[in-house]
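For reference, the structure discussed in these notes is given below.
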Amino acid sequence: MKIPFSPPYIDQFVIDQVTSTLKNKWITTGPKVELLEKKISEYYGFDFCVGVNSWTSGAILILKWLGIKEDDEVIIPAYTYAATALAIIHAGGKPVIVDVDNDFNININEIKKNINSKTKAIMGVDIAGYQAKYGAIIEILKTEECISKFRPSNNLQRNIGRPLVIADSAHCLGGRFKPIADFHIFSFHAVKNFTTAEGGMIASNLKNYFNLNDLYKRLKRLTINGQTKDAFSKSKDGSWKYDIVEAGLKCNLPDINAAIALGQLKSKEKIIKRRKEIFKFYQSFFSKFSWSELPPFEEKSKCIESSCHIYMLRIIGINEKKRDFIIDKLFDKGINVNVHYIPLPLLTYFKNLGYEIKTTPNSYNLYSREISLPIYPSLKEKEVLYICENLRSIVEELI
């Protein structure tokens, strides 16, 4: 049996959406992107959404909009993909990398310890689609201690009156959560629950601070080099004239990509339902063993439920070498698994910047024991059982 890790969901709805875009002969940013923005915004109750060509571009754009400059700090967890930190660096700021709790999400006490006059933003990461504690983060920022430390460097930051709270919600689409952070940024990368092949989405939750129409227009403009009209608007008769009013980026989402996600969203209940079924099967199976540590699924009191993007199982009592041995044995059985993620201080680039894994011991502990199991709609019951039984057998033989 050969089981891939995360193939994309492509059915006839998806093919039809892409085909219709090609037939309409409008493939760059246009009506399909606008429709996708509207659907995501309405689904979660955001102010508005802006499509971008990747999560990374979206994060860089927001940080540049915020006015991040050299020596400005953004607090992030060590347990995340490199893009979380690289976006800060590309925007001109400095990542402050802190440890995480056992649910893989950023440790609130570590945030408290690292807030200072240079802190301009805090970015939590919703690992596997399980929302970080943004309510608690905002409460920290409202305290007199944090307010006294905040040093805004432009009118935009002054208007917000505290560090910006950004949710790296790359994994979250399809899950249940409240729009609490100032911005949530989603990924539509090929392996995500809903994909545009490559792409992302900025979602605003700043209605209490800005005129939403002005904010939306500016963020859209920033995705097309600071240009006052997009290509679709310019294509209309007599509408060719435009202006460049600021130094934006070039990171707009094309219609041909948005079409894939629009096709998938027609089956969103089916897609998420199947992901939940597999997730709960894993939970039920592995809960029987003393060597297993299960990933979080829901917190009903806060209306949080995982999107079931990744199933992150931890094996108790092993180390990194034994974890890698288990993975090799699973590959021998035709089971493609993964590890999410290598903590940032273990990666060469960040080591060379002076970050050390000893400052984030829990991140290393979780990483050294974590194995991500396949979870996607086309995964059959017999394949899920095959994964479970083989993993059980390999682990029990090892320990």
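The values are calculated or read from the model by the stated rules, or taken from the named source; none is laboratory data. The structure displayed is predicted, hence computed values, not measured ones. Backbone-built Cβ (ideal geometry, glycine too); neighbour counts: all protein chains shown. Just so you know, the surface numbers come from the protein's heavy atoms only, side chains and all, with ligands and any DNA or RNA stripped out. Shrake-Rupley method; radii C 1.70, N 1.55, O 1.52, S 1.80 Å.
Values for this structure:
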item	result
Qualifying residue in region 368-379 (condition: under 21 Å from the mean Cα position of the chain (by Cα) and free of Cβ contacts under 8 Å to residues at least 60 places away in the same chain)	yes
Selection within region 101-122 - under 18 Å from the mean Cα position of the chain (by Cα) and without any contact (Cβ under 8 Å) to a residue 60 or more places away in the chain	Asn105, Ile106, Ala121, Ile122
Close pairs from region 20-35: first hydrophobic (A, V, I, L, M, F, W, C), partner in a helix (DSSP H, G or I) and modelled with pLDDT of 95 or more, Cβ under 7 Å, at least 6 apart	Trp26/Asp255; Ile27/Thr21; Ile27/Asp255; Ile27/Ile256; Val33/Asp255; Val33/Ala258; Leu35/Leu262
Scan of region 140-157 for residues that are loosely packed, with under 14 Cβ neighbours inside 10 Å and under 27 Å from the mean Cα position of the chain (by Cα), ordered by number	Lys142
Count of residues meeting criterion [surrounded by fewer than 14 Cβ atoms within 10 Å (Cβ to Cβ) and in a loop (DSSP other than H, G, I, E, B)] in region 301-324	4
Selected residue (criterion: surrounded by the most Cβ atoms within 10 Å (Cβ to Cβ)) from residues of region 278-300 that are under 22 Å from the mean Cα position of the chain (by Cα) and farther than 15 Å from Leu385 by Cβ	Pro295
Tally, over region 166-211, of residues that are under 25 Å from Thr119 (Cα atoms), open to solvent by 40 Å² or more (accessible area, probe 1.4 Å) and in contact with a Phe, Trp or Tyr (Cβ under 9 Å, 6 or more places away or on another chain)	2
Per-region count, region 331-388, residues of a type in the set (A, V, I, L, M, F, W, C) and open to solvent by less than 40 Å² (accessible area, probe 1.4 Å)	13
Top-ranked residue of region 213-268 - restricted to ones that are open to solvent by 20 Å² or more (accessible area, probe 1.4 Å), small (Gly, Ala, Ser) and in a helix (DSSP H, G or I), ranked as farthest from Leu61 (Cα to Cα)	Ser233
Filtered residues of region 113-139 (kept if farther than 20 Å from Leu86 by Cβ and either surrounded by 17 or more Cβ atoms within 10 Å (Cβ to Cβ) or polar (S, T, N, Q) (or both))	Ile115, Asn116, Ser117, Ala128, Gly129, Tyr130, Gln131, Lys133, Tyr134, Ile137
Some residue of region 176-190 being touching a residue at least 40 places away in the same chain (Cβ under 8 Å) and hydroxyl-bearing (Ser, Thr, Tyr)	yes
